[in-house]
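To start, the structure under review is shown below, and the notes come after it.
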Amino acid sequence: MAISGTEREEFEKQLEAYVGIDIGLEDQGRDPVNAAMVRHWCEAMGDGCGAYTDPVQAAASVHGELVAPPTMLQAWILGGVSMASGESDPRDKQKELHRLFDSKGFTGVVATNTEQEYTRYLKMGDEICAKTVIESISEQKATGLGIGYFINTRTTFRDQNDEEVGWLTFRVLKFEIAEASASSSDESSVTPSRPQRLKPALGHDNAWWWDCVEKDELAIQRCSSCHALRHPPRPMCGECQASDWDFVFSTGQGTIYSFVVIRHPEVPGYTYPLVVAVVELEEGTRFVGNVLDIDPAEVEVGMSVQASIELVDDEMKLPVFRRAQ
Amino acid sequence: MPTTLKDEAAIVGIGETEYSKNSGRSELALAAEACRAAIADAGLTPADIDGMTTFTMDNTDEIEVARAVGVGDLTFFSRTPHGGGAAIGVMHQAVMAVATGSAKAVVVYRALNGRSGARYSEGVSGGPTTSDLIHWSWYMPSGLMTPASWVAMVTQRYMHETGCTSEDLAEVCIAQREHAIKNPRAFFHGKPLTLEEHQAARHIVEPLRLYDCCQETDGGAACVVVSPEMARDLPNPPALIRAVAQGAGAHQESMTSFYRPTMTDLPEVDLSARQCWEISGLTADDIDAAVIYDAFSSIVLWQLESYGFCKKGEAADFIRDGALRLGGRLPTNTHGGQLSEAYVHGMNGVNEGVRLIRGTSTSQPAKNEHVLVTAGVGVPTSGMILGQA
Amino acid sequence: MSTETLRYQDVNVGDTLPELPIPLTSSLIVAGAVASQDYTPVHHDKEAAEAAGMQDVFMNILTTNGLVSRFVTDWAGIDARITGVSIKLGTPNLPGDTMTLTGAVAEKDETGNAVTVEVTGKNAWGNHVTGAVKLTLPAGD
Ligand SMILES: [Zn+2]
């Protein structure tokens, strides 16, 4: 639970002392702006802009000479390999503030916004230094990640002539990590790299049907007694009340009975706009599935479609439809 | 002693919380506040209440609400399933309890943090393997997992069969917005809607656009049901329940209707309507105003047809000249409805029905002898007719 | 990357930028972090990233900014000057995924031939980055 009452009041008073202060460090770029670091950056980003790496193109451009990519601004003052140790300068008030948050249980940290302005493009040989000020700390907020506070900082960059070349702001959330996610260290809580579609729940009455899909068949349940077809599967025939059943395989040919184009919300694992149709199969039962490889504007009620069974993500096979040839 | 549910009970008190996007308190608090307000409006005290009923989808237990409000012994408590279809089902329960003597005064409530808490727009996903989840499993893998997507499917077919257009749906939204403009409880209080704005709004699930979909609201609403005799001694003019009925139809599915012989037939709504007319002895011609369940604009049209205000497939023609607006044939959702006031699963509509009978709606039609109030569509549903005592 | 530069008069509000899919690899994420001199362990050390609740190393903000700026200058050309970037960060960029950058011209301002481009970088989990890039373009000949 987040701190409350007098503890919270005292904590927020402590926070006030940090608002408006310089974090106490003047970051001096360790190297002048130079072609090697710029080239390394451009290679990493796949940025082929000649203004950064080609002296001839740069000279002919509005820049007149080689310049550094503007979004590289902060790279000129970052600490490099020394950052890997996690140790920080004891004079760093920003780190001190973060430790204060940590001590009250707000151990989570995430950057949510950045804004940057570039007064001019940096040229080779420019020597850059930066000063950072803690601009503001928000009131306590309930966020999707948990209860916490937003810290806004502003870093101003100057050149060797003490002229401002740009600034950037960062908005960082220090938050109390929700207990559920903090305590669960099992594999399943780790974010996988690629989201998958929602899988069906399997029970007595439907698992066999999904087994057929695994074997690339679109099955339709059939009453053993009166031979009526039915979908979705259920344990009893509504026509004759018989409990015995078997199934037939659909040809997958059908016509669109109705359809939708889903645009919102966008659920991870699916591609939008997403067309879903109720298809009347030629056997007479209906089936709901995606219609692929079609402009949503061209889908119509009555359109002939053909099913095929395909992997729709890394793990799941599903019957999907395409316009019939 | 066979009983038909005609004039067996009356609504004598209504109450609600403010409707917002972030209530800042628990659903229990919302339920308790709505119940307290409804009991006070009825001129009763919590000690007078001996029955409580709500939706199966309500997260707050009756006895928790009872303890919070200070209600004592309960001789009747029950729940009604199927989301918005329960909106009048809960009234049906309350009326049966009063008619049979199982309870003397029943509080009906529904409270949800529908915006700041779990949002229905985010759709179904997992949970225990119930028959319900097996049902959704036919759709989740294909991405069809929100109420908007299910209702859009039926809407598309309806438009195909009847020629109804998105502009026709807009008329439902605009008519209701005209009402909401005057209602201080409404989210869209003071904010008109034009046809151009409706048409320019983004699609949520084609063919439904943003304003065709109801809101997501934090709030609670409640009412108190007692016998007509008891109602005579209470301060507010009672809204007599002239008929109340539930219906689940052939080939009933939850929200989807995809496998029904005709997707656009709504046998459960037809069934609720038929019973309402049979029990009350009234017809559509006797109804002066209506609160028609409106999770989505299109479902209003289908209910107009099922309740016989127009022929099947002709609702768009019926509303085109302003039938749903004040001065029209059937002023509807005079609070703004769930599209424009708030989404409280239809319970805010029950309260508006009572206000229409009392003559206190912010969009009050001149004639208010009989008011129809309905519940959700595409699920087992319910409906009632309110009248003046 | 075109060597032609767009002129202020050539662009209109609503113009869309050519979509740019960026395959997300460990190499890109580590190279971006190193090129920006950002050795915070979560951007190059999988164990450190896992301790922070992530499945793998994830992209640092400077790399995101660098890719966004590349996306805009690929379209606008060498004579465009980026004057500002305003960015909201969302789902992390992890190896194995693809981030697709899309953008459109949102505003034009004749004073200074300024153009604002709205940019979205979307991966399989949702929006990694949404924001705006301000730039100036040369006037037409
Ligand atoms: Zn049979």
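The values are calculated or read from the model by the stated rules, or taken from the named source; none is laboratory data. Keep in mind that this is a model prediction, so the values were computed, not measured. Here the Cβ positions follow ideal geometry from the backbone for every residue, glycine too, while neighbour counts run over all protein chains shown. SASA here: full protein model, heavy atoms, side chains in, ligands and nucleic acids out. Shrake-Rupley method; radii C 1.70, N 1.55, O 1.52, S 1.80 Å.
Below is a table of values for the structure above.
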| item | result |
| --- | --- |
| Only one of A:Pro235, A:Pro265, A:Pro319 that is of a type outside the set (D, E, K, R), within 16 Å of the ligand (Cβ to nearest atom) and within 24 Å of A:Ala201 (Cα to Cα) | A:Pro235 |
| Considering residues of region C:68-103 that are of a type in the set (D, E, K, R) and within 12 Å of the chain's Cα centre (by Cα) only, the residue farthest from the other protein chains (Cβ to nearest Cβ) | C:Asp74 |
| Conditions (1) surrounded by 21 or more Cβ atoms within 10 Å (Cβ to Cβ); (2) away from chain A (no Cβ under 12 Å); number of the one not met by B:Glu178 | (1) |
| Boolean, B:Ile319 is open to solvent by less than 10 Å² (accessible area, probe 1.4 Å), at pLDDT 95 or above, under 29 Å from B:Gln156 (Cα atoms) and of a type in the set (Val, Ile, Thr) | yes |
| Helices (runs of 4 or more DSSP H) completely within region C:25-86 that count 2 or more residues being under 23 Å from C:Lys134 (Cα atoms) and in contact (Cβ under 8 Å) with a residue 24 or more places away in the chain | C:61-76 |
| Number of positions in region A:103-151 that are farther than 30 Å from A:Gly64 by Cβ and open to solvent by 20 Å² or more (accessible area, probe 1.4 Å) | 23 |
| Subset of region C:104-130 [buried (at least 19 other Cβ atoms within 10 Å of the Cβ) and within 7 Å of chain A (Cβ to nearest Cβ)] | C:Ala124, C:Trp125 |
| Test: B:Leu169 is at pLDDT 95 or above and hydrophobic (A, V, I, L, M, F, W, C) | yes |
| Residue in region A:198-220 that is over 37 Å from the mean Cα position of the chain (by Cα) and within 16 Å of the ligand (Cβ to nearest atom) present | yes |
| Test: A:Gln196 is at pLDDT below 95 and open to solvent by less than 70 Å² (accessible area, probe 1.4 Å) | yes |
| Counted residues, region B:210-223 - those being open to solvent by 10 Å² or more (accessible area, probe 1.4 Å) and in a strand (DSSP E or B) | 1 |
| Residue satisfying condition, being among the basic types (Lys, Arg) and surrounded by fewer than 18 Cβ atoms within 10 Å (Cβ to Cβ), within set A:Arg154, A:Arg171 | A:Arg154 |
| Answer residue from region A:238-257, given it is surrounded by 16 or more Cβ atoms within 10 Å (Cβ to Cβ) and within 14 Å of another protein chain (Cβ to nearest Cβ) and is farthest from the ligand (Cβ to nearest atom) among those | A:Ile256 |
| Hey, C:Glu50 at the interface with chain A (Cβ under 10 Å from one of its Cβ atoms) and either in contact with a Lys or Arg (Cβ under 8 Å, 6 or more places away or on another chain) or open to solvent by 40 Å² or more (accessible area, probe 1.4 Å) (or both) or not | yes |
| Conditions (1) more than 8 Å from chain B (Cβ to nearest Cβ); (2) in contact (Cβ under 8 Å) with a residue 60 or more places away in the chain; (3) closer than 30 Å to B:Asp212 by Cβ; (4) of a type outside the set (Val, Ile, Thr); number of the one not met by A:Tyr270 | (1) |
| Failed criterion for A:Val260 (all others in (1) within 14 Å of another protein chain (Cβ to nearest Cβ); (2) within 16 Å of the ligand (Cβ to nearest atom); (3) out of contact with any Pro (no Cβ under 7 Å at 6 or more places or on another chain) hold) | (2) |
| Residue check, A:Asp295 closer than 20 Å to A:Arg197 by Cβ and either surrounded by 18 or more Cβ atoms within 10 Å (Cβ to Cβ) or of a type in the set (Asp, Glu) (or both) | no |
| The lone exception for A:Glu164 - which of (1) in the same structural domain as A:Asp22 (by TED's automatic domain parsing); (2) surrounded by 15 or more Cβ atoms within 10 Å (Cβ to Cβ); (3) at pLDDT 95 or above it fails | (2) |
| Scope region A:24-49; condition among the acidic types (Asp, Glu), more than 8 Å from chain C (Cβ to nearest Cβ) and surrounded by 15 or more Cβ atoms within 10 Å (Cβ to Cβ); matching residues | A:Asp27 |
| Criterion: in the same structural domain as A:Ala17 (by TED's automatic domain parsing) and surrounded by 22 or more Cβ atoms within 10 Å (Cβ to Cβ) - qualifying residue of A:Leu100, A:Leu73 | A:Leu73 |
| Sole exception among (1) modelled with pLDDT under 95; (2) surrounded by fewer than 23 Cβ atoms within 10 Å (Cβ to Cβ) for B:Gly83, by number | (2) |
| Search result, residues across region B:296-316 that are open to solvent by less than 20 Å² (accessible area, probe 1.4 Å), under 24 Å from B:Gly359 (Cα atoms) and without any contact (Cβ under 8 Å) to a residue 60 or more places away in the chain | B:Leu304 |
| Cross-chain or 6+ apart pairs with Cβ under 7 Å, region A:209-230 first and free of Cβ contacts under 8 Å to residues at least 40 places away in the same chain, then more than 8 Å from the ligand (Cβ to nearest atom) and in a loop (DSSP other than H, G, I, E, B) | A:Trp209/A:Pro233; A:Trp210/A:Pro200; A:Trp210/A:Leu202; A:Gln221/A:His231; A:Gln221/A:Pro233; A:Ser224/A:Asp244; A:Ser225/A:Asp244 |
| Cross-chain or 6+ apart pairs with Cβ under 6 Å, region B:141-162 first and in contact (Cβ under 8 Å) with a residue 12 or more places away in the chain and facing chain A (nearest Cβ under 8 Å), then surrounded by fewer than 23 Cβ atoms within 10 Å (Cβ to Cβ) and in a helix (DSSP H, G or I) | B:Thr146/B:Ser121 |
| Region B:334-345 residues that are on the phi > 0 side of the Ramachandran plot and free of Cβ contacts under 8 Å to residues at least 60 places away in the same chain, paired with ones that are of a type in the set (Asp, Glu) and not in a loop (DSSP other than H, G, I, E, B) (beta carbon under 6 Å, 6 or more apart) | none |
| Every residue from region B:97-118 that is open to solvent by 70 Å² or more (accessible area, probe 1.4 Å) and either within 14 Å of chain A (Cβ to nearest Cβ) or under 20 Å from the mean Cα position of the chain (by Cα) (or both) | B:Arg115, B:Ala118 |
| Hits in region B:190-209 - residues which are within 14 Å of chain A (Cβ to nearest Cβ) and open to solvent by 60 Å² or more (accessible area, probe 1.4 Å) | B:Arg202 |
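Residues checked against (1) of a type in the set (S, T, N, Q); (2) assigned to a strand (DSSP E or B):
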position: B:Val205; (1), (2): no, yes
position: B:Val225; (1), (2): no, yes
position: B:Pro235; (1), (2): no, no
position: B:Ile241; (1), (2): no, yes
position: B:Ala250; (1), (2): no, no
position: B:Ser254; (1), (2): yes, no
position: B:Phe258; (1), (2): no, no
